[in-house]
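Engineer: Got a structure here, written out as structure tokens. Questions coming.
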Amino acid sequence: MKATKQQLINEIKLLERKYEMLVWYARKSEQQIATIEGVRIAADEVTRDYPEEVASLNSPLFGNWQHGFNSGMLAGTRFVLDALDAGIEEAYEIFPDLNS
């Protein structure tokens, strides 16, 4: 079955949210997660929703690679959504948008 444009946009938005949360998680220190209740709650949610990705982020062997991959995916999904919403020129002007 062929997806509609809106179905594709919805799927891209889900991926954007996933990678936004993973990039957010990677930017938090262990101290922030341990001492700030709101950060701890959100970090627990990310860990619950994306256990394999969080394990990879916390790996001394793969953590940097995983964070780079997540950041690239976040930038890519935002580029596509911005291009569809505001046009390709506007998307290039704000690319890569990694604010989270």
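Engineer: Using the basic label-point model (7 angstrom from Cα toward the beta carbon), what is the Tyr92 to Glu11 distance in nanometres?
Structural biologist: That separation, rounded to one decimal, is 2.7 nm.
Engineer: Still on this model: Calculate log10 I(q)/I(0) of region 21-100 for q = 0.13, 0.25, 0.27 Å⁻¹, where I(q) comes from the Debye formula with a single equal point scatterer on each Cα and nothing for solvent.
Structural biologist: Cα-only, vacuum Debye calculation for region 21-100: -0.48, -1.09, -1.18.
Engineer: How many nm separate the modelled label positions at Asp49 and Trp65, each set 7 Å beyond the Cα in the direction of the Cβ?
Structural biologist: 2.5 nm
Engineer: How far, in nm, would the chain grow between Trp24 and Ala3 when pulled straight, counting 0.36 nm per residue and subtracting the alpha carbon separation?
Structural biologist: The Trp24-Ala3 span can extend by a further 4.6 nm.
Engineer: Run the dipole for region 5-94 about the Cα centre, Lys and Arg Cβ at +1, Asp and Glu Cβ at -1, nothing else charged, and hand back the magnitude in debye, nearest 20.
Structural biologist: For region 5-94, the charge dipole is close to 200 debye.
Engineer: Relative contact order for the chain: what is it in percent, counting Cα pairs under 8 Å that are at least 6 residues apart?
Structural biologist: Contact order relative to length: 31 percent.
Engineer: Right, something else. I'd like to know which of Phe79, Ala34, Ile12 lies farthest towards the positive end of the charge dipole of region 5-94, counting +1 on Cβ of Lys and Arg and -1 on Cβ of Asp and Glu.
Structural biologist: Ala34
Engineer: Along each principal axis of its Cα atoms, how long is region 5-45 end to end? Whole angstroms, biggest number first, please.
Structural biologist: Principal axes ranked by extent give 43, 15, 9 Å for the Cα atoms.
Where a number appears in this text, it was derived from the coordinates with a stated rule and is not lab data. The structure displayed is predicted, hence computed values, not measured ones. Every residue, glycine among them, receives a Cβ derived from its backbone with ideal geometry; neighbour counts consider all protein chains shown.
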